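**Q** Below you'll find the structure I mean.
Coordinate-derived values only; no laboratory data. None of these values were measured; they are calculated from a predicted model. Note that we place each Cβ from the backbone using ideal geometry, even for glycine, and neighbour counts take in every protein chain shown.
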Amino acid sequence: MKQVLERLVNEALSRRIPEVVPRDVRVRRLSGKVSVLTGMRRTGKTSLCFQKMRELLASGIPRERLLYINFEDDRLAEVRVGDLQWIVEAFYVANPAFKDETCWFFFDEIQRVAQWELFVRRILDTERVEITLTGSSAKLLSREIGTAMRGRSLTTEVFPLSFREYCRFNSVAVPDHPVYGDRHRYSLARAAEGYLRTGGFPEVQGREEDIWRTVLQEYTDVVILRDVIERYGLTNYAAAKALGRHILQNPGQLLSVTRMAASFAQAGITCGKNTLFELLDHLHDAYFCFPVEVHDRSLRRRQVNPKKVYAADTGLCRAFSTGQTGDAGAALEGLVFSALRARGLQPDYVVTARKTEVDFVYTDRYGWHFVQACWSVSEEATAAREFRGLADALPLHPRATRTIVTWNDEGERDGVRLVPLWRWLLEQEKKNENK
């Protein structure tokens with residue numbers, strides 16, 4: 001393994017750093033602490049490493065002081081924590097003059113190496129290095145960092161492209177000011193249509209539909225196989241795959257584990273309720289999906305009520321759409337959730353005393369907010385349902401703002417703001433910048 005690691009280090013030091021489209025993700029950094037990037041596979045964690053490396057180069061840092069290692073390289077399949085010291089030794093053998101200079105190490109998917117945290121903590125204490133780690137498991141990384149790093153790390157969650165980033169990837173101009181002329185309103189609405197359809201995974205931007213569908217289906221298979229089945233040593237691949245498909249084909253729907261276990265049994269898939277709970281937890285850990293709880297002060301009622309489950313990206317849902325599940329309203333609701341989650345918020349859903357519903361309630365530094373998401377309020381029955389839910393929920397937080405995010409409705413009615421999706425997304429990203 002020593003020779004393999006030496007060869008990988010030498011290759012890494014001679015490799016040209018790829019150019020990337022810059023992201024707006026603010027990676028949390030502080031001298032003496034490890035920067036950790038977590039998120040679903042293919043959301044751009046590696047590109048953020050390259051972005052930082054190119055920024056360092058632009059600031060005058062020599063290329064030789066930057067090391068990037070991808071631990072999903074097949075040549076590292078058998079690496080053990082005791083072998084990792086050879087990376088450090090090979091690096092300084094190649095660059096002895098930099099032993100007393102600050103160097104930057106980027107370790108991609110390092111969680112594949114058992115007890116990796118012991119190695120990272122040691123070199124953080126003994127070498128002049130700034131370390132960035134990436135991983136596609138929130139739980140494993142946080143648990144290992146919490147026990148070994150003892151406050152020596154800062155974590156940044158990485159999600160698929162925001163709407164503003166999507167526009168940048170697709171050469172759509174976004175004005176810096178919030179006043180939009182007709183030309184910009186039209187182009188931003190068109191961009192929102194594409195964003196709703198293909199989602200925000202960087203690799204699929206600008207691809208033909210048959211290509212991005214296939215790529216996103218492969219993403220799903222890899223997450224289920226590698227981040228759930230292999231990582232946790234499970235054997236029930238059929239149940240994990242069926243659960244993943246169900247989430248993508250029913251985004252934002254209440255998920256009853258009891259009913260799902262019965263449905264699986266009818267389909268010939270043997271899977272108990274406890275196993276389904278575990279699989280859902282593992283998929284959440286891999287950032288594949290996110291459960292949303294009912295809004296209630298009682299912890300018990302929050303836990304026993306069914307959760308709504310949203311997919312990580314609307315493109316994933318579209319890639320598995322059967323025609324009946326390609327509901328644009330559900331996709332719009334999914335984008336609203338994703339924008340809130342990308343701000344670091346944990347929205348709930350509301351069931352009022354009158355059994356009406358509100359899609360999201362959350363609090364931030366601006367106060368409490370109720371948000372409904374629907375395609376249009378032009379139909380009387382739809383409008384009545386959405387406005388009634390907001391009115392019934394208001395006693396829970398009397399000073400909360402009330403908003404309905406739609407495709408193109410705009411204005412105010414009965415104290416409720418109506419706002420088109422593209423504008424609301426840009427507003428949320430602006431709040432994220434100012435937090």
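**Q** Sort the range 260-345 into rounded, prolate or oblate with this rule: let a ≥ b ≥ c be the square roots of the eigenvalues of the Cα gyration tensor; rounded if a/c is under 1.5, and if a/c is not under 1.5, prolate when a/b is larger than b/c, oblate otherwise. Intermediate results must be reported in sequence, preceding the final value.
**A** On the way: a/c = 1.81, a/b = 1.07, b/c = 1.68.
Taking the square roots of the gyration eigenvalues as a ≥ b ≥ c, the range 260-345 is oblate.
**Q** If each residue of separation counts as 0.36 nm, what is the full-extension length gain between GLU55 and SER263 once their alpha-carbon separation is subtracted?
**A** Values: separation 208, 0.36 × 208 = 74.88 nm, distance 5.17 nm.
69.7 nm is the gain from fully extending GLU55 to SER263.
**Q** Using 7 Å Cα-to-Cβ label points, what is the ALA189/THR382 separation (nm, one decimal)?
**A** 1.5 nm
**Q** To the nearest 20 debye, what charge dipole does the range 2-158 have about its Cα centre, counting +1 at the Cβ of each Lys and Arg and -1 at the Cβ of each Asp and Glu?
**A** Working: 27 positive and 22 negative charges, 94 e Å.
So the dipole magnitude of the range 2-158 works out to roughly 460 debye.
**Q** Let me ask you something else. Could you give the angle, 0 to 90 degrees to the nearest 10, between helix 257-266's Cα long axis and the longest principal axis of the Cα atoms of the chain?
**A** For 257-266 against the chain, the angle is about 80 degrees.
**Q** Mind ordering 372-383, 307-318, 23-34 by average Cβ neighbours within 10 Å, highest first?
**A** Values: 372-383: 16.0, 307-318: 25.2, 23-34: 14.4.
Ranked by mean Cβ neighbours within 10 Å, highest first: 307-318, 372-383, 23-34.
**Q** With θ taken as phi - 60° and the coefficients 6.51, -1.76 and 1.60, list the Karplus ³J(HN,Hα) couplings across the range 218-233 in order, rounded to whole Hz; mark glycine and proline as x.
**A** 5, 3, 4, 4, 5, 4, 5, 6, 8, 8, 10, 5, 5, 4, 9, x
**Q** Taking every DSSP beta bridge that has both residues in the chain, what percent is antiparallel when rounded to the nearest 5?
**A** Numbers: 18 of 47 bridges.
Around 40 percent antiparallel, to the nearest 5.
**Q** Quick check on the exposure proxy: order LEU66, LEU37, LEU225 from fewest to most C-beta atoms within 10 angstrom. Numbers along the way, then the final one.
**A** Details: LEU66 22, LEU37 26, LEU225 14.
Ascending Cβ contact count within 10 Å gives the list LEU225, LEU66, LEU37.
**Q** If I take R0 = 30 Å and measure r between the Cβ atoms of GLN346 and GLN217 in this structure, what FRET efficiency does the formula 1/(1 + (r/R0)^6) give, to the nearest 0.05? Display every interim value, and only then the final one.
**A** Values: r = 29 Å, r/R0 = 0.97.
So, using R0 = 30 Å, E works out to roughly 0.55.
**Q** Taking Cα extents along the principal axes in Å as the quantity of interest, determine which of (1) 65, 52, 43; (2) 75, 71, 42; (3) 73, 56, 43 was computed from the displayed structure.
**A** (3)
**Q** A follow-up question, please. Near PHE370, within a Cβ-to-Cβ distance under 9 Å, what is the net charge of the other residues, with Lys and Arg +1 and Asp and Glu -1?
**A** 0
**Q** Additional query: Give me Rg over Rh for the range 207-326, both radii from the alpha carbons and Rh done the Kirkwood way, two decimal places.
**A** Numbers: Rg = 14.6 Å, Rh = 15.0 Å.
My calculation puts Rg/Rh at 0.98.
**Q** Next up: Under a crude label model (7 Å from the Cα following the beta-carbon direction), how far is GLU203 from ASP74 in nanometres?
**A** 1.6 nm
**Q** Here's another thing I want to ask about it. Taking a ≥ b ≥ c as the square roots of the eigenvalues of the Cα gyration tensor of the range 2-158, is the shape rounded (a/c under 1.5), prolate (a/b larger than b/c) or oblate? Spell out each step's value before the answer.
**A** On the way: a/c = 1.29, a/b = 1.07, b/c = 1.21.
Because its axes are fairly even, with a/c under 1.5, the range 2-158 counts as rounded.
**Q** Separate question: With each run of n ≥ 4 DSSP H residues scored as -39500 (n - 2.57), what mean residue ellipticity at 222 nm is computed for the chain after dividing by its residue count and rounding to the nearest 500 deg cm²/dmol?
**A** On the way: 16 runs with 188 residues, N = 435.
So the calculated ellipticity at 222 nm is -13500 deg cm²/dmol.
**Q** Test of understanding: ordering ASP73, ASP414, ASP108 by Cβ neighbours within 10 Å, fewest first, what list do you get? The partial results should precede the final answer.
**A** Working: ASP73 15, ASP414 8, ASP108 19.
Starting with the residue having the fewest Cβ neighbours, the order is ASP414, ASP73, ASP108.
**Q** With a/c under 1.5 counting as rounded, go ahead and sort the range 132-287 into rounded, prolate or oblate using the C-alpha gyration tensor (a ≥ b ≥ c being the square roots of the eigenvalues; past the cut-off, prolate if a/b is larger than b/c, else oblate). Write down the numbers at each step before the final one.
**A** On the way: a/c = 2.43, a/b = 1.47, b/c = 1.65.
Taking the square roots of the gyration eigenvalues as a ≥ b ≥ c, the range 132-287 is oblate.
**Q** Using a Gaussian network for the chain with springs between C-alpha atoms less than 10 Å apart, which of these wobbles most: THR126, THR258, THR363?
**A** Looking only at THR126, THR258, THR363, the biggest GNM fluctuation is shown by THR126.
**Q** If I take R0 = 22 Å and measure r between the Cβ atoms of HIS246 and ASP327 in this structure, what FRET efficiency does the formula 1/(1 + (r/R0)^6) give, to the nearest 0.05?
**A** On the way: r = 15 Å, r/R0 = 0.68.
Given R0 = 22 Å and the Cβ-Cβ separation, E is 0.90.
**Q** Turning to a different aspect of this structure: Quick check on the exposure proxy: order ARG42, ARG231 from fewest to most C-beta atoms within 10 angstrom.
**A** By the 10 Å Cβ count, ascending: ARG231, ARG42.
**Q** If each of TYR92 and LEU225 carries a label point 7 Å out from its Cα toward its Cβ, how far apart are those two points in nm?
**A** Spacing of the two 7 Å Cα→Cβ label points: 4.0 nm.
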